[in-house]
Amino acid sequence: MPSLNTFGAIMTFAINLENDLVDYYRAVGDTERAAEADKRRSNLERVRRENVVEITLEAIDGLDEADYAFNFDDTSEAGQSAVETIAARFYEDVAPKINVRQAQRVLSRYAGQHSGLANA
Amino acid sequence: MVRKLKNYIGGEWVESTTDTYTPVHNPATCEVVAEAPESTYEDMDRAVQAAQVAFEEWRRMPVLNRAQYMHHFKTLLEDRFEDISRIVVEENGKTIDEARGEVRRGIESVDYAIGMPFLMRNDGVEDISSGIDETTIRQPVGVFGAITPFNFPFMVPIWFMPTAIVCGNTYIMKPSPQTPLSMEITYEILEELDMPEGVVNLVHGGKDAAMAMMEHPGVAGVSFVGSSPVAKIIYETCSRNGKRVQAQGGAKNYIAVMPDADIAASVKNIVGAAYGCAGQRCLAAAVVVGVGDAYDKVREELINQARNLQVGYGLDETTQMGTVVSDAAKQRIENMIEQGVKEGASLDLDGRGIVVNGFEGGSFVGPTILSDVKPDMVVAKEEIFGPVLSIMRADDFEGAVDIINQSKYGNAASIFTSSGKDAREFKYRVNAGNIGVNIGVAAPSASFPFGGQKDSFFGDLHGQGPDSIEFFTERKVVIERWI
């Protein structure tokens with residue numbers, strides 16, 4: 001599995017994750033959660049665009065996509081909780097690795113949102 | 001059939017009058033992605049004439065309206081952000097993150113230009129003498145042009161053009177023939193703005209087109225970014241032809257690492273500064289000066305971190321270092337590494353011969369480290385413009401400053417330290433246009449002037465910031481007395 005070793009790799013993984021969640025919650029029939037995921041996706045695209053600081057781009061280590069294996073086939077309540085738990089862990093893990101405060105803030109906020117959904 | 005690029009002159013995409021075209025390569029895939037015309041004097045003359053005609057109407061347009069075009073420009077650039085970034089990767093070879101960072105910094109120059117209604121204001125004094133008022137006004141000058149390099153094919157052109165045109169001038173861009181595609185998409189976007197024809201023009205080409213711009217009597221001023229020998233020629237040629245000129249040249253940027261620096265964190269940033277854009281930026285870290293005890297620690301940490309960088313195709317998000325711009329550049333860089341070894345440097349990390357799966361023909365040079373470099377070695381003095389970092393030793397702070405100030409270049413220099421006193425002395429004494437404190441790439445934002453000292457810059461007014469407004473306007477003093 002590819003490593004999450006750059007700002008772009010992390011942000012793109014997050015964008016794709018939220019995109020997958022849009023499809024997932026649409027399949028479940030939860031339009032509210034699908035809309036929330038789509039809003040996060042859109043905001044993450046903005047964050048990737050506006051917070052990439054060319055002069056402080058640094059290699060990132062210690063993160064791997066393999067550590068965040070989502071089962072989008074399980075649409076049960078327990079399955080949804082499991083997906084949200086992994087999503088929350090992903091955001092918790094990556095936020096401190098990003099050296100741009102504005103991006104870090106958004107990623108931390110999304111960790112909280114997913115954690116809340118996992119426990120809902 | 002490979003696409004032949006056209007020039008954009010007087011609001012139209014037109015074919016060059018030349019029969020000679022230069023192939024534009026993707027340096028990773030080796031694919032020829034387009035052919036750029038070697039535009040002629042006739043092409044440039046046509047662009048100058050279109051810009052001169054446009055100037056008469058454009059300068060009369062209120063500055064607020066001119067700035068509005070930049071609002072729209074910014075919106076469209078944001079919309080096409082990923083498209084432009086991908087094109088930068090495809091023609092230059094840098095990573096997609098680096099390309100996104102470049103496009104972001106380019107857009108910052110558009111943001112700056114949007115502020116021109118405020119920034120162009122000048123001052124006045126009532127009753128400077130009895131019953132006499134005196135005011136200063138800024139006026140646009142005419143047709144300006146830029147000759148820009150391959151290493152930042154989007155950002156560097158955008159340093160100049162937005163400010164120039166919002167000041168009321170008209171413009172001609174001549175991008176690098178190696179990387180002309182970023183400007184092609186930029187001009188497609190500019191076309192959507194529906195500005196008056198001739199305000200912005202694009203003329204592809206190499207030396208002939210550049211000479212035509214510099215010698216044309218209708219061009220008021222030229223901005224250039226490139227190597228120092230060429231910058232000097234540009235400066236002399238433009239000066240001889242009575243033009244304003246700002247010519248930014250090459251660099252050999254030194255980084256002093258003090259014993260009190262946080263070595264791991266400092267090296268992480270230095271690695272980004274040395275190998276970002278495969279070392280092909282005028283602010284790249286080229287020489288690390290390890291001071292006292294820091295030398296061994298910084299050398300060891302640099303080797304550890306640099307050898308782990310993932311080299312690959314820039315469009316792969318996991319790539320941490322892309323290609324250099326061409327096979328010729330690769331050959332030149334590898335020759336410089338060999339030169340360093342012959343002169344007695346220790347080759348701690350050798351990036352030559354690196355092969356990337358799926359891109360076997362690509363112009364890759366891996367991260368390279370030469371240590372025990374001495375001040376008289378060529379690799380210590382001359383710009384390599386590739387992913388090669390030299391490490392030198394200094395006994396103390398004074399020795400580090402002496403080494404740095406001996407360089408014929410003065411683009412940037414940085415210090416990594418936790419001592420405010422050393423940081424202040426460094427800022428005070430080092431002869432470079434851009435000083436970094438605990439940051440390896442000392443790149444000024446769009447609202448600050450960008451330019452070096454010594455052989456890194458030829459001219460008076462730097463690019464970006466308030467200097468750019470001075471460069472692109474003429475000040476006129478009005479003395480009024482009503483009798």
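Scan segment B:381-424 for residues that are of a type in the set (Gly, Ala, Ser), surrounded by fewer than 23 Cβ atoms within 10 Å (Cβ to Cβ) and within 27 Å of the chain's Cα centre (by Cα) and jot them down.
Across segment B:381-424, the qualifying residue is only B:ALA423.
Quick one: A:GLU58 ticks every box in (1) farther than 21 Å from B:GLN305 by Cα; (2) touching a Lys or Arg at 6+ places or on another chain (Cβ under 6 Å) except a single one, so which number is it?
The single condition A:GLU58 does not satisfy is (1).
Report yes if A:PHE13 is out of contact with any Lys or Arg (no Cβ under 7 Å at 6 or more places or on another chain), surrounded by 22 or more Cβ atoms within 10 Å (Cβ to Cβ) and at pLDDT 95 or above, otherwise no.
Numbers: out of contact with any Lys or Arg (no Cβ under 7 Å at 6 or more places or on another chain): yes; surrounded by 22 or more Cβ atoms within 10 Å (Cβ to Cβ): no; at pLDDT 95 or above: yes.
In short, no.
Within segment B:326-384, work out how many residues are of a type in the set (A, V, I, L, M, F, W, C), more than 30 Å from B:ASP395 (Cα to Cα) and part of a loop (DSSP other than H, G, I, E, B). Let's see the steps before the verdict.
Going through segment B:326-384, the residues of a type in the set (A, V, I, L, M, F, W, C) turn out to be B:328-329, B:333, B:336-337, B:341, B:345, B:347, B:349, B:354-356, B:359, B:364-365, B:369-370, B:373, B:377-380, B:384.
From the residues that got through so far, the ones that are more than 30 Å from B:ASP395 (Cα to Cα) too are B:328-329, B:354-356, B:359, B:364-365.
Next cut, part of a loop (DSSP other than H, G, I, E, B) only: B:354-356, B:359, B:364-365.
Residues in segment B:326-384 being of a type in the set (A, V, I, L, M, F, W, C), more than 30 Å from B:ASP395 (Cα to Cα) and part of a loop (DSSP other than H, G, I, E, B): 6 in total.
Test B:VAL2 against the criterion of being more than 14 Å from chain A (Cβ to nearest Cβ), more than 30 Å from A:ASN99 (Cβ to Cβ), free of Cβ contacts under 8 Å to residues at least 60 places away in the same chain and touching an Asp or Glu at 6+ places or on another chain (Cβ under 8 Å), and give yes or no.
Details: more than 14 Å from chain A (Cβ to nearest Cβ): yes; more than 30 Å from A:ASN99 (Cβ to Cβ): yes; free of Cβ contacts under 8 Å to residues at least 60 places away in the same chain: yes; touching an Asp or Glu at 6+ places or on another chain (Cβ under 8 Å): yes.
Answer is yes for this residue.
Test B:ARG240 against the stated conditions and say whether it is out of contact with any strand residue (DSSP E or B) (no Cβ under 8 Å at 6 or more places or on another chain), among the basic types (Lys, Arg) and in contact (Cβ under 8 Å) with a residue 60 or more places away in the chain. Explain how you work it out, then say what you get.
Numbers: out of contact with any strand residue (DSSP E or B) (no Cβ under 8 Å at 6 or more places or on another chain): yes; among the basic types (Lys, Arg): yes; in contact (Cβ under 8 Å) with a residue 60 or more places away in the chain: no.
For B:ARG240, the condition - out of contact with any strand residue (DSSP E or B) (no Cβ under 8 Å at 6 or more places or on another chain), among the basic types (Lys, Arg) and in contact (Cβ under 8 Å) with a residue 60 or more places away in the chain - is not met.
Looking only at strands (runs of 3 or more DSSP E) that lie completely in segment B:1-86, which have at least 3 residues being within 26 Å of the chain's Cα centre (by Cα)?
On the way: elements: B:7-9, B:12-14, B:21-25, B:32-37.
Result: B:7-9, B:21-25, B:32-37.
If we keep just the residues of segment B:274-323 that are of a type in the set (Val, Ile, Thr) and out of contact with any Lys or Arg (no Cβ under 9 Å at 6 or more places or on another chain), which is farthest from the other protein chains (Cβ to nearest Cβ)? Explain how you work it out, then say what you get.
Step one: list which residues in segment B:274-323 are of a type in the set (Val, Ile, Thr), which gives B:287-289, B:291, B:298, B:303, B:311, B:318-319, B:323.
Next cut, out of contact with any Lys or Arg (no Cβ under 9 Å at 6 or more places or on another chain) only: B:298, B:303, B:311, B:318-319.
Working: B:VAL298: 16, B:ILE303: 14, B:VAL311: 12, B:THR318: 5, B:THR319: 8 Å.
Per the stated criteria, the residue is B:VAL298.
Looking at segment A:1-30, which of its residues are outside any helix (DSSP H, G or I), within 9 Å of another protein chain (Cβ to nearest Cβ) and among the hydrophobic types (A, V, I, L, M, F, W, C)? Break it down into steps so the answer makes sense when it comes.
Here is the first cut: in segment A:1-30, the ones outside any helix (DSSP H, G or I) are A:1-6, A:29-30.
With within 9 Å of another protein chain (Cβ to nearest Cβ) added as a condition, the list becomes A:2-6.
Within segment A:1-30, just A:LEU4 meets the criteria.
Restricting to segment A:36-59, name every residue that is touching a residue at least 12 places away in the same chain (Cβ under 8 Å) and more than 9 Å from every other protein chain (Cβ to nearest Cβ).
Correct list: A:GLU36, A:ALA37, A:ASP38, A:ARG40, A:ARG41, A:ASN43, A:LEU44, A:VAL47.
Conditions (1) of a type in the set (Asp, Glu); (2) within 24 Å of B:PHE144 (Cα to Cα); (3) away from every other protein chain (no Cβ under 14 Å), marked per residue:
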residue	(1), (2), (3)
B:THR22	no, no, yes
B:TYR41	no, yes, yes
B:VAL48	no, yes, yes
B:ARG59	no, yes, yes
B:GLU91	yes, no, yes
B:GLU98	yes, no, no
B:GLY106	no, yes, no
B:VAL110	no, yes, no
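Select from segment B:432-461 the residues that are within 18 Å of B:VAL245 (Cα to Cα) and touching a helix residue (DSSP H, G or I) at 6+ places or on another chain (Cβ under 8 Å) and list them in ascending order. If you could, list the steps in order and put the result at the bottom.
First, pick out the residues of segment B:432-461 that are within 18 Å of B:VAL245 (Cα to Cα): B:433, B:449-461.
Scanning segment B:432-461 gives B:PRO449, B:PHE450, B:GLY451, B:ASP455, B:SER456, B:PHE457, B:PHE458, B:GLY459, B:LEU461.
The values are calculated or read from the model by the stated rules, or taken from the named source; none is laboratory data. None of these values were measured; they are calculated from a predicted model. Heads up, the Cβs are rebuilt from the backbone with ideal geometry, glycines too, and the neighbour counts pull from every protein chain shown.
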